[in-house]
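The next block holds one structure in the form of structure tokens; read it before the comments.
Just so it is clear, none of the values below were taken in a lab; they were calculated from the coordinates. The structure displayed is predicted, hence computed values, not measured ones. Cβ placement follows ideal geometry from the backbone for every residue including glycine, while neighbour counts extend to all protein chains displayed.
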Amino acid sequence: MPLNPEFIGKRYPDTDPYLIGREKIREFATAIGDSSPVFHSLDAARALGYPDLPAPPTFAFSLTMKAMATAMFDPELGLDYARVVHGEQGFEYKRPMTAGDEVVVKSFIADITARGRNEYLTTQADVVTVSGELLVSTRSIIASRGTAA
């Protein structure tokens, strides 16, 4: 079954506010094998000009994953997750996320295209402070194999 192209531009509800904490940053850095002091030591982070521990660049994915799942698992979209492969992930930062930032994620379906027998679903999720400052935009492209009309 093909994806519903009427979903291009559909926005989903913002996530609940999330306060980025130092320990989550440290845990994430450890999980990805990054032992850089900037992600573990407040003194090291401040020596580099950060107000608090900065989050590793891919930390944004841990915040946007749930919001993007809401879009991908929307039953009216028509996505059969058994046919999905991850195609691409991108991040565009306005400024680093740091401990103490309270954020929400705003997500929407940016595009649906077909090439051959496959369809490509592009989703975007923006991590924004509760006061409205855009920190990072993420884009994800997944391929739905063999579902194109």
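Here are a few things to note about the model shown:
- In the set (1) within 20 Å of the chain's Cα centre (by Cα); (2) free of Cβ contacts under 8 Å to residues at least 40 places away in the same chain, the condition left unmet by Ser41 is number (1).
- Sub-6 Å Cβ pairs linking a first residue in the range 96-110 that is without any contact (Cβ under 8 Å) to a residue 40 or more places away in the chain and surrounded by 18 or more Cβ atoms within 10 Å (Cβ to Cβ) to a second residue that is in a strand (DSSP E or B) and hydroxyl-bearing (Ser, Thr, Tyr), at least 6 apart or interchain, number zero.
- Filtering Gly78, Gly90 for residues that are small (Gly, Ala, Ser) and without any contact (Cβ under 8 Å) to a residue 60 or more places away in the chain leaves a single hit, Gly90.
- Condition broken by Ala143, with the remaining ones in (1) assigned to a strand (DSSP E or B); (2) among the hydrophobic types (A, V, I, L, M, F, W, C); (3) within 23 Å of Thr30 (Cα to Cα) satisfied: (3)
- The residues of the range 71-120 that are more than 21 Å from Thr15 (Cα to Cα) and part of a loop (DSSP other than H, G, I, E, B), listed by number, are Gly78, Leu79, Asp80, Gly116, Arg117.
- Filtering the range 104-149 to residues that are closer than 19 Å to Ser62 by Cβ and among the polar types (S, T, N, Q) leaves Ser107, Thr123, Gln124, Thr129, Ser137, Thr138, Ser140.
- The set of residues from the range 126-147 being farther than 30 Å from Thr98 by Cβ and either surrounded by fewer than 21 Cβ atoms within 10 Å (Cβ to Cβ) or among the basic types (Lys, Arg) (or both) comprises Ala143, Arg145, Gly146, Thr147.
- Filtering Glu88, Glu76 for residues that are more than 25 Å from Val130 (Cβ to Cβ), in contact with a strand residue (DSSP E or B) (Cβ under 7 Å, 6 or more places away or on another chain) and surrounded by fewer than 15 Cβ atoms within 10 Å (Cβ to Cβ) leaves a single hit, Glu88.
- Among the residues listed as Thr123, Thr64, the single one being surrounded by 14 or more Cβ atoms within 10 Å (Cβ to Cβ), assigned to a helix (DSSP H, G or I), β-branched (Val, Ile, Thr) and within 17 Å of the chain's Cα centre (by Cα): Thr64
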